[in-house]
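Data block below; observations after.
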Amino acid sequence: MASTKRSSKKRAKSLKLPSYTRYFFSLFLIILGAGIILFAAINKSVAQAPNQKETSQSSQYLPKPTKLYIPKLAKILYVSDGYVVDNRWIISETGVSYLTSSAIPGQVGNTVIYGHNRSDILGDLPQVADGDTLYLVRRDGDFVKYAVFETKVIEPTQVEILNQTADSRLTIYTCTGFLDTSRFVVVAKKVDNAI
């Protein structure tokens with residue numbers, strides 16, 4: 001009986017690996033796992049890179065707006081791309097912003113331009129009235145002429161002004177009211193480009 005206990009203890013001892021061997025084996029498995037994850041991440045980014053390049057090349061040629069001209073205000077404003085990120089509007093500090101998810105100027109849909117309520121940007125937008133003309137100059141050098149048909153003050157929650165439309169229109173808006181709690185909106189339809 002005693003010899004049986006000894007032989008099973010010897011077998012148990014012989015199955016145990018020395019501590020340094022276990023350490024290096026664990027380290028090897030960790031490095032192997034990290035290598036597999038890194039390899040997968042590199043392959044994923046390489047596979048996506050051509051698509052991102054194609055997208056940026058094609059958006060480079062879209063006739064996005066570069067300038068907004070408001071004759072009544074004798075004002076030309078530079079237009080930069082605008083986005084909504086985490087429910088926050090990214091807005092230009094020096095000009096107006098074009099909501100890139102809205103329509104291309106001159107095409108069917110609602111082109112949305114927005115900017116700060118400052119005297120050098122859109123602070124005097126409430127002076128624009130029905131019948132006034134607006135112009136958007138596009139990246140391709142063409143311009144689109146619009147005629148204002150509606151001006152109104154809305155609440156920030158009234159986001160239906162951003163909806164796409166069956167006609168070609170321009171929506172410009174800025175903050176207004178006490179502590180900029182409301183929005184002043186100008187809506188215009190595309191008209192013949194004759195000056």
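Since every read-out is calculated from the coordinates, none of them should be taken as a lab result. Keep in mind it's a predicted model, so treat the numbers as computed, not measured. Heads up, the Cβs are rebuilt from the backbone with ideal geometry, glycines too, and the neighbour counts pull from every protein chain shown.
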Inset, instruction - Could I have the simple spin-label model distance between L179 and S119, label points 7 Å from Cα toward Cβ, reported in nm to one decimal? - result: 2.5
Inset, instruction - Taking amide H positions as placed in the peptide plane 1.01 Å from N, state which residues far from K75 in sequence (5 or more) or on other chains have amide H under 5 Å from it. - result: I70
Legend entry - Distance between modelled label sites at D81 and I31, nm, 7 Å Cα→Cβ extension: 4.2
Inset, instruction - Could you let me know the centre-to-centre spacing of the stretch 60-102 and the stretch 120-186, using Cα atoms, in angstrom? - result: 11
